[in-house]
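Below is one structure, written out as structure tokens, with a few remarks after it.
The values are calculated or read from the model by the stated rules, or taken from the named source; none is laboratory data. Quantities reported herein were computed from a predicted structural model and do not represent experimental measurements. Neighbour counts are summed over all protein chains in view; Cβ atoms, including those assigned to glycine, are modelled from backbone coordinates with ideal geometry. For the accessible areas, the whole protein counts, side chains as well, though only heavy atoms, and no ligand, DNA or RNA atoms are used. Shrake-Rupley method; radii C 1.70, N 1.55, O 1.52, S 1.80 Å.
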Amino acid sequence: MMNFKLISSSLVALCVFFMAPASAAVKIGMVTTLTTKAGYLGEDIRDGFNLAIEQGGGKLGGIEVELMVEDDGRKPGKGREIAERYIKSDKVKIMTGIVFSNVAMAVVPKVVKDDVFYISPNAGPSALAGKRCHQNYFNAAWQNDNLHEVMGKYVSDAGFKSAYILAPNYPAGKDALAGFKRFYTGNIAGEVYTKLGQSDYAAELANLRAAKPDAVFFFLPGGMGINFLKQYAQAGLNDSIPVFGPAFSFDARLLKAVGDAAVGVINGSQWNHDLDNPANQTFVAAFQQKYGRMPTLYASQGYDTANLIGSALQATGGKPENMTAFRAALQKAEFDSVRGNFRFGNNHHPVQDIYVREVVKDASGIYNKTVQKVFTNHADAYAAECKL
Amino acid sequence: MLLFIEQVLNGLQLGFMLFLLSAGLTLVFGVMNLINLAHGSFYMVGAYVAATVMLATGSFTLALLLALLSAALCGLLVEIIVLRHLYQRDHLDQVLATFGLILFFNETTRMIWGRQPLFMDVPEAFAGSVEILPGVPYPLYRLLIIGIGLLVAGGLYLLISHTRLGMRIRAGASNRSMVAALGVNIRWLYSLVFALGALLAGFAGVMAAPVFAVESGMGESILILTFVVIVIGGIGSVKGALLGALLVGLVDTLGRAFLPDLLQWLFATPTANSIAASLASMAIYLLMAVILAFKPRGLFPA
């Protein structure tokens, strides 16, 4: 019996060994968040990425690729574990996917030191853009502060003399308000840090009403933003004090959950579905056709990341091992971004245009309409600290 | 002064919302000696069903009824299938099993409704705000929550102190084997109490759906507060849950509202802001620590 088992299992092993296709596909490891409340962010990044692969017929830049996707559950430790497995057992040379900055900070510095390229489709913590920037790290989305900076600039330019600003009490929240204040020239009527994951904002809203600001800026990602906007409208405040925020609380999926409470809100984004360039029109139509929903900015970032990787694969003939050439090809960013204008700065972060959009409602539903371009060729505030 | 009144109202409203959740939890804890971490899942079920029905039919009454029914039904099923087997086990096993239920319910809602949060609007009749005092407009829906909280508190008081069922519940809480020996079907009583707890949680979910984000995992963020409430109030005491909920609601709201201003007398603005934010999120835990220091078994030990 023992012998039979041994023989049969070795037979199976042999079969597997010989039958495994001698695949030349370039492996890409994606660590992203697919569970927890924030799971839809990773889902959209993955779907956008996959769309680009599908459009190439299983190839990116004419090179066959194999995308491996794993869920980090929003936990830094788990992200690190997956990354190590990708590097050690799968011998991955290209990684991407992380949604949250705290996960990125735990994974990216380690990965890039191991001579693996990491291309971020979302998280852009300031540390990785400044002093701790790395030659193998690229960010294809934005530096975290960018979408807050654009609102600071817009709210000042639109002539709002005082602003009441809110964010959750954690590093990204503080960075957000710092980003807003970097470009806001008016008076800060109140600066409030709320509890992370808070659902009830009645106390903050009452104080806000009493402070009588001209404008409100908030950064409350995910469900917190839904809570805030609903309660803001229910308190009757959106008739008297206009509210502004980064795109994170106004993507196509969240808007459905917020409903009318979001209509009229101006929000900052590097992308919108109505940006007028051929790459974007193709992307939006193909995404809707494949998945039956509007793409979010996260999907656009996943798609751009895939095409960016594709451009470098094409330039190097599918050889990320050839690191100097691959890096140089990434830095050139020779792909058709759905954002139109896109290039990398010295710290491997985007230099791009940033827009403001308005949430509008008509017969087709609630969606974002691009209002105007606020920043042209905008780089982040940390580039100077990076010695690349 | 007007702001203070408004903030007190906000605190009461949060308190009553917490009361709806903690009343059921404390009953289950007190009567059945069962730690149920999955209580927040019934809250989520209530909210999801209400949002779905409201979207499909537009009727808040129907949404409320169906949501209550499904939350109670979920509770009943969970009790019969899972928890019934755990009464004799220690609390750690119960924590493990009910934590598993949280994951089960969260993933199930994701499978049924997807990852996208649902939308539910305030029912037409309660939209808008009223001026409770000149210059203080207050959302009508939040007043409704306070009213409903009061009604439920009254109803539970009548049920527990003045009905035969309530008598059995109280008896079950103090000595379950004696109650069983006297011929009360304790199994049936437990199932009923558990379903009642789930129904109340579902009720809280329906009331919360128009105000909060209806999303998978929404139960956990409020569950911790609920546990704080029942620990402060005294485990098993509905009266304690009411008082505890109002205390937690008021301390949390007033802390968030006024700590930054108070601290500005002491520190420069940026320091005051960041200390206030940390202190405000700690306030209820400080409250709990202080109360437990003087009353280790809560305000109204059962």
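Using bins of 10 Å that start at zero, the share of Cα-Cα pairs per bin across the stretch B:1-144 amounts to 10, 31, 30, 21, 8, 1, in whole %.
For chain A, a crude dipole built from +1 on the beta carbon of Lys and Arg and -1 on the beta carbon of Asp and Glu, taken about the Cα centre, is about 700 debye to the nearest 20. Within the stretch B:143-192, the proportion of C-alpha pairs whose separation exceeds 12 Å stands at 66%.
When DSSP beta bridges are restricted to pairs lying wholly in the protein assembly as shown, around 45% turn out antiparallel.
Simple rule: put +1 on each Lys or Arg Cβ and -1 on each Asp or Glu Cβ in the protein assembly as shown, find the dipole, and look at A:Thr324, B:Pro139, B:Ile160; the Cα lying farthest toward the positive end is B:Ile160. I need the Debye-formula profile for the stretch A:153-193: one equal scatterer per C-alpha, no solvent, reported as log10 I(q)/I(0) at q = 0.26 1/Å, two decimals. Normalising to I(0) and taking log10 leaves -0.86.
Can you divide the C-alpha Rg of the stretch B:93-247 by 2.2 N^0.38 Å and report the result to two decimal places? Normalised by 2.2 N^0.38 Å, the Cα Rg of the stretch B:93-247 equals 1.25.
Pairs exceeding a 18 Å alpha-carbon distance, out of A:Lys161/A:Lys212; A:Lys59/A:Lys93; A:Lys212/A:Lys369; A:Lys75/A:Lys387: A:Lys212/A:Lys369; A:Lys75/A:Lys387.
Which one of B:Ile291, A:Ala123, A:Ala25 is farthest out on the positive end of the charge dipole of the protein assembly as shown, using unit charges on Cβ (Lys, Arg +1; Asp, Glu -1) and the Cα centre as origin? Projecting each Cα onto the dipole axis, the largest value belongs to B:Ile291.
With θ taken as phi - 60° and the Karplus curve 6.51 cos²θ - 1.76 cosθ + 1.60 applied, the whole-hertz 3J(HN,Hα) list for the stretch B:64-81 is 4, 4, 5, 5, 4, 4, 6, 5, 5, 5, 4, x, 4, 5, 4, 5, 5, 7 Hz, x standing for glycine and proline. The slack in the chain from A:Lys387 to A:Ala285, taken as 0.36 nm per residue of separation less the alpha-carbon distance, amounts to 32.7 nm.
In chain B, the longest principal axis of the Cα atoms and the axis of helix B:186-208 are about 20 degrees apart.
Round to the nearest 0.05 the FRET efficiency obtained for B:Thr271 and A:Ala210 when R0 = 30 Å and r is the Cβ-Cβ distance. Approximately 0.85, to the nearest 0.05. Taken about its Cα centre, the stretch B:2-218 carries a charge dipole of about 740 debye when Lys and Arg each add +1 at the Cβ and Asp and Glu each add -1 at the Cβ. When the inverse distances between all different Cα atoms of chain B are averaged and flipped, the Kirkwood radius reads 20.1 angstrom. All alpha carbon pair distances within the stretch A:232-388 were sorted into 5 Å bins beginning at 0; the resulting P(r) in whole percents reads 1, 8, 15, 18, 17, 14, 11, 8, 4, 2, 1, 0.
Treat every Asp and Glu Cβ in the stretch A:144-279 as -1 and every Lys and Arg Cβ as +1, leave all other atoms uncharged, and give the resulting dipole magnitude about the Cα centre to the nearest 20 debye. Before the final figure, lay out each step's value.
Working: 11 positive and 13 negative charges, 63 e Å.
The calculation lands at about 300 debye.
For chain A, the solvent-accessible area with a 1.4 angstrom probe is 38 square angstrom per residue. Surface composition of the protein assembly as shown: carbon and sulfur make up 63 percent of the accessible area, probe 1.4 Å. The C-alpha atoms of chain A define a longest principal axis, and helix A:101-113 lies at about 40 degrees to it. Computed from the C-alpha gyration tensor, the three semi-axes of the ellipsoid equivalent to the stretch A:22-180 are 32, 17, 15 Å, from longest to shortest.
Write down the accessible area per residue of the stretch B:2-218 in Å², having rolled a 1.4 Å probe over the full set of protein chains. Before the final figure, lay out the partial values.
Working: 8970 Å² over 217 residues.
That works out to 41 Å² per residue.
Expressed per residue, the C-alpha convex hull volume of chain A stands at 155 Å³.
Structure remark: mean-square fluctuation, Gaussian network model of chain B, C-alpha springs under 10 Å; the largest value among B:Ile35, B:Ile81, B:Ile291 belongs to B:Ile81. Phi-derived couplings, Karplus 6.51 cos²θ - 1.76 cosθ + 1.60 at θ = phi - 60°, listed residue by residue for the stretch A:246-260: x, 4, 4, 9, 10, 6, 4, 7, 5, 4, 4, 7, 7, x, 4 Hz, with x used for Gly and Pro. Taking the longest Cα principal axis of chain A as reference, the axis of helix A:39-55 is set at about 60 degrees. When chain B is treated as a Gaussian network with alpha carbon springs shorter than 10 Å, the biggest mean-square fluctuation among B:Val122, B:Val206, B:Val214 belongs to B:Val122.
Karplus-based coupling profile of the stretch A:200-208, in residue order and whole Hz: 9, 10, 4, 5, 5, 5, 5, 5, 4, with θ = phi - 60° in 6.51 cos²θ - 1.76 cosθ + 1.60 and x standing for Gly or Pro.
Projecting the Cα atoms of B:Leu76, B:Leu150, B:Leu12 onto the dipole axis of the stretch B:2-218, where Lys and Arg carry +1 and Asp and Glu carry -1 at the beta carbon, places B:Leu76 farthest toward the positive end. Remark: the Cα gyration tensor places the stretch A:226-268 in the oblate category, a/c being 1.5 or greater and a/b not exceeding b/c. Buried accessible surface for the A/B pair, both sides summed and rounded to the nearest 100, is 3100 Å² with a 1.4 Å probe.
For the stretch A:230-275, a reduction of at least 30 Å² in accessible area between the chain on its own and the assembled protein chains (probe 1.4 Å) is found at A:Lys230, A:Gln231, A:Gln234, A:Arg253, A:Lys256, A:Ala257. Set the Cα radius of gyration of the protein assembly as shown against 2.2 N^0.38 Å, with N its number of residues, and you get 1.04.
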